[in-house]
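Below is one structure, written out as structure tokens, with a few remarks after it.
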Amino acid sequence: MEGIDHLADERNKAEFDVDEMKIVWAGSRHAFEVSDRIARLVATDPVFEKSDRARLSRKELFKSTLKKCAHAWKRIIELRLTEEEAGRLRFFVDQPAFVDLHWGMFVPAIKGQGTEEQQEKWLSLANKMQIIGCYAQTELGHGSNVQGLETTATFDPKTDEFVIHSPTQTSSKWWPGGLGKVSTHAVVYARLITDGKDYGVHGFIVQLRSLEDHSPLPNIIVGDIGTKMGNGAYNSMDNGFLMFDQVRIPRNQMLMRLAKVTREGKYVPSDVPKQLMYGTMVYVRQTIVADASNALSRAVCIATRYSAVRRQFGAQNGGIETQVIDYKTQQNRLFPLLASAYAFRFVGEWLKWLYTDVTARLQASDFSTLPEAHACTAGLKSLTTTATADGIEECRKLCGGHGYLWCSGLPELFAVYVPACTYEGDNIVLQLQVARFLMKTVSQLGSGKAPVGTTAYMARAQHLLQCRSGVQKAEDWLNPAVVVEAFEARALRMAVACAKNLSKFENQEQVLISTGFSELLAELVEAAIAHCQLIVVSKFIAKLEQDIGGKGVKKQLNNLCYIYALHILHKHLGDFLSTNSITPKQASLANDQLRSLYSQVRPNAVALVDAFNYTDHYLNSVLGRYDGNVYPKLFEEAWKDPLNDSVVPDGYQEYIRPLIKQQLRTARL
């Protein structure tokens, strides 16, 4: 059985060039070549072996993570890897670790909020990993509400120092990754107080541990917050707690690009616009959208390959059973997730461009697109992470009972991914931020101020409020203009309806942030989701207009694009019907077209997940193996479990034997 490609027949059905699709998925030939080379480098290095993670204790798992991180850094130095290559290596090592926050939050925070002098000092150390940093913002009692943070940084003009203090238990920093056991430094967010006045939350670089023996510095209480969900998963990360008891730091360790405190204690906003700090937020959230595509595509790859291997029912006269992937119920659940993985990939590419564009504009003091970019990244972070977390769990169910096994790769993937729905902004709170932006845009429609970017469609409000879809046959739903207009009409009408309801309240801003108006808040969230889904659909369609791949590649992407759009239409049919964006008959035609698209994707399904180009090492799934050799490998994994080290289990003599050998007596009532 070893060496046989059990999915060869499936791969032979492909109607497109898989290698071409791999390049489209990677974004460019260069990106594909880098990713492919680094993935194989990691897969063949025994130090990066990860199949035993579920069997390790928390301490063993954490030490294993430290070993892998140290080895990864050694390889980066030895091979002189570029920043891009080093990033791919950390990605394929595939183990949550302190380095994620060091490179993903600590370094960007200093780049975005530090002065040139501060960057020169701290980044030179951080880039060589001579210091290891984390991002200490979230507190035990405060998460998404950053303005509610309680930690204080009080300036003492006598000593030219800030005094960092945790005044309450709820002010303790809680959750920062890398904080618990590893980080030597942190960017700590605290309320800046000088001359008796509170100037709100600012960032400070604080040393936490000795660079000699790694012990916590005086008056700092720090530790790990404990075991999290899953066997391995995020338990390889030392998420921590942190409390300060009047800890003093030099004044120049306040991040001073946006504001500074003078030697005399005077608070001075800098000439650098405050809006620049949003650039870091846009960057972080666009990477989260890219991560959503990675995680969902991984789950879909496992579920698709296993659905093609697994056979169940349908045998005639003792013949072969039907492949699970041939059942329409399986396709109806699986193929929209496959389409979503591609959709999120392409909207992630667009967000990368948006970040570059916004950054260039900010440097030129052009802030015109910032509110729209902020709302856009917030909404897409929320949309994609929610859909991905739900999608991974759906893929587990699509694999039946075997999907529940750790070795399927899906339970750990879910446990690793699901925190994304909360970190960097709770998903519901983020959609309310989008809603606030949409309400402001709607309120300005009659002012002559043209909506920009992803809200540009609102400039055609008069048409979109009156238009009726011209769909008459199922094929009309493959017309990009028809699909986009239906999504635009739905999004605009929902936003306008919310704005009308909002206008009934005197203090509209209070309604947008108050939890008391629960019914209206739910409508606002739904309007925000409709807007974000429009963005994803329109960016997927825009991708199809580019010169990508050959005819076969384009046809498959076209099929996936309309599967995504029509599945969303089906899932949110109530919105489309209640806003009169489409008729019930047109909805029925959309479902007809959707079923037709499933049939067209079916012979290409395995090849479409092969295009993700994931190694077996990265997938870490018996069910998702490239060769489809599932059942012998399931037995191999079963025999590895420590319970199978002995035929008779420990505890037999003490507990099982006395139980089964006991003399049973009939009780006399």
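The values are calculated or read from the model by the stated rules, or taken from the named source; none is laboratory data. From a predicted model like this one, the values you see are computed outputs, not experimental measurements. Glycine gets a Cβ as well: all are built from the backbone with ideal geometry, and neighbour counts include every protein chain shown. Each accessible area value is taken on the protein alone, full model and side chains, heavy atoms only, with ligands, DNA and RNA left out. Shrake-Rupley method; radii C 1.70, N 1.55, O 1.52, S 1.80 Å.
Determine how many Å³ per residue the convex hull of the Cα atoms of segment 1-103 encloses. Show your work: numbers first, answer last.
Numbers: hull volume 14.6 nm³, N = 103.
In segment 1-103, the Cα hull volume divided by residue count equals 141 Å³.
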statement: A correct Karplus calculation of ³J(HN,Hα) over segment 145-151, with 6.51 cos²θ - 1.76 cosθ + 1.60, θ = phi - 60°, whole Hz and x for Gly and Pro, returns 7, 4, 5, x, 4, 9, 4
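Per residue, how many Å² of accessible area does the chain show with a 1.4 Å probe?
Numbers: 30950 Å² over 669 residues.
Solvent-accessible surface per residue comes out at 46 Å².
If you wrap a convex hull around the Cα atoms of segment 589-669, how much volume per residue is inside, in Å³?
On the way: hull volume 20.5 nm³, N = 81.
Enclosed volume per residue, from the Cα hull, is 253 Å³.
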message: As I understand it, the dipole of the chain uses +1 on the Cβ of Lys and Arg and -1 on the Cβ of Asp and Glu, about the Cα centre. Which of Val471, Thr287, Cys421 lies farthest toward its positive end?
response: Val471
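Suppose R0 equals 41 Å. What FRET efficiency, 1/(1 + (r/R0)^6) with r the Cβ-Cβ distance, do Lys128 and Asp36 give to the nearest 0.05? Intermediate results must be reported in sequence, preceding the final value.
Values: r = 28 Å, r/R0 = 0.69.
For R0 = 41 Å, the calculated efficiency reads 0.90.
Extension gain Phe91-Trp73, at 0.36 nm per residue separation less the Cα-Cα distance, in nm? Before the final figure, lay out the partial values.
Working: separation 18, 0.36 × 18 = 6.48 nm, distance 1.30 nm.
Here the answer is 5.2 nm.
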Summed residue charge, Cβ within 10 Å of Val358's Cβ, Lys/Arg positive, Asp/Glu negative: -2
27 Å tail of the calculated P(r), segment 429-581, as % of Cα pairs: 27 percent
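Which is the longest run of the chain containing none of the GluC sites (Glu not before Pro) found in DSSP loop states (not H, G, I, E, B) with at most 15 other C-beta atoms within 10 Å? Can you show the working numbers first?
Working: sites that count: Glu2, Glu15, Glu49, Glu212, Glu264, Glu321, Glu506, Glu545.
For GluC sites (Glu not before Pro) (loop position, at most 15 other Cβ atoms within 10 Å), the longest site-free span of the chain is 322-505.
Percent relative contact order of segment 62-148, based on C-alpha pairs within less than 8 angstrom and at least six residues apart? Mind showing how you got there, number by number?
Numbers: 39 pairs, mean separation 21.3, N = 87.
After rounding, I find 24 percent.
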- line: Gyration tensor on Cα atoms of segment 149-298, a ≥ b ≥ c root eigenvalues, a/c under 1.5 rounded, else prolate if a/b beats b/c, else oblate, says oblate
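Explain nothing, just the number: dipole magnitude of segment 194-312 about its Cα centre with +1 on each Lys and Arg Cβ and -1 on each Asp and Glu Cβ, in debye rounded to the nearest 20.
Once rounded to the nearest 20, the dipole reads 620 debye.
Among the listed pairs Lys111/Lys260; Lys128/Lys352; Lys111/Lys181, which have their C-alpha atoms separated by more than 22 angstrom in this model?
Lys128/Lys352; Lys111/Lys181
For segment 101-175, compute Rg over Rh where Rg is the Cα radius of gyration and Rh is the Kirkwood radius from the inverse mean 1/r over Cα pairs. If you can, show how the numbers build up before the last one.
Values: Rg = 14.3 Å, Rh = 14.0 Å.
The Rg/Rh ratio comes out at 1.02.
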field: For segment 546-555, Karplus couplings with θ = phi - 60° (6.51, -1.76, 1.60), whole Hz, Gly/Pro x
entry: 7, 7, 10, x, x, 4, x, 4, 5, 5
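So, with +1 on the Cβ of K and R and -1 on the Cβ of D and E, and no other charges, what is the size of the charge dipole of segment 1-83 about its Cα centre, to the nearest 20 debye?
Working: 17 positive and 16 negative charges, 186 e Å.
Charge dipole of segment 1-83: 900 debye, to the nearest 20.
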Selection from Ala8, Phe62, Val24 lying farthest towards where the dipole of segment 1-87 points positive, charges on Cβ: Phe62
query: With every protein chain present, what accessible area does Arg468 have (1.4 Å probe, heavy atoms only), rounded to the nearest 10 Å²?
result: 150 Å²
statement: For Thr115, the residues 5 or more places away or on another chain with a placed amide H closer than 5 Å to its own amide H are Met256, Arg257
- request: Can you send over the solvent-accessible area of Tyr267, 1.4 Å probe, protein chains only, in Å² to the nearest 10?
  value: 40 Å²
message: At q = 0.12, 0.17, 0.21 Å⁻¹, what log₁₀ I(q)/I(0) does segment 49-153 have when each alpha carbon counts as one equal point scatterer in the Debye sum?
response: -0.55, -0.96, -1.17
- prompt: Any idea how far apart Thr44 and Asn479 come out in nm if each label point goes 7 Å out from Cα toward Cβ?
  reply: 5.4 nm
The chain - percent of accessible surface contributed by carbon and sulfur, probe 1.4 Å: 54 percent
task: Calculate one ³J(HN,Hα) per residue across segment 405-417 by plugging θ = phi - 60° into the Karplus curve 6.51 cos²θ - 1.76 cosθ + 1.60, and present them in order as whole Hz with x for glycine and proline.
output: 5, 4, 6, 6, x, 7, x, 5, 4, 5, 5, 6, 7
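Please report, in debye to the nearest 20, how large the charge dipole of segment 570-665 is about its Cα centre when each Lys and Arg carries +1 at its beta carbon and each Asp and Glu carries -1 there.
Numbers: 10 positive and 11 negative charges, 103 e Å.
Once rounded to the nearest 20, the dipole reads 500 debye.
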- request: Could you order Asp100, Asp224, Asp610 so the one with the most accessible surface comes first? Probe is 1.4 Å.
  value: Asp100, Asp224, Asp610
- prompt: Dividing the alpha-carbon radius of gyration of segment 93-233 by 2.2 N^0.38 Å (N being the number of residues), what value is obtained?
  reply: 1.06
query: Based on the Cβ-Cβ distance from Thr262 to Ser210, what FRET efficiency comes out when R0 is 30 Å, to the nearest 0.05?
result: 0.45
query: Between Phe313 and Thr615, what is the FRET efficiency for a Förster distance of 30 Å, r being their Cβ-Cβ separation, to the nearest 0.05?
result: 0.35
task: Please compute P(r) over all alpha-carbon pairs of the chain, binned at 10 Å starting from zero, and give each bin as a whole-number percent.
output: 3, 13, 23, 24, 19, 11, 5, 2, 0, 0
query: Got a sec? Charge dipole of the chain, +1 on Cβ for Lys and Arg, -1 for Asp and Glu; which of Phe48, Val553, Leu524 is way out at the positive end?
result: Leu524
message: Could you report the accessible area of Ile660 in Å², rounded to 10, computed with a 1.4 Å probe on the protein chains as they sit in the structure?
response: 110 Å²
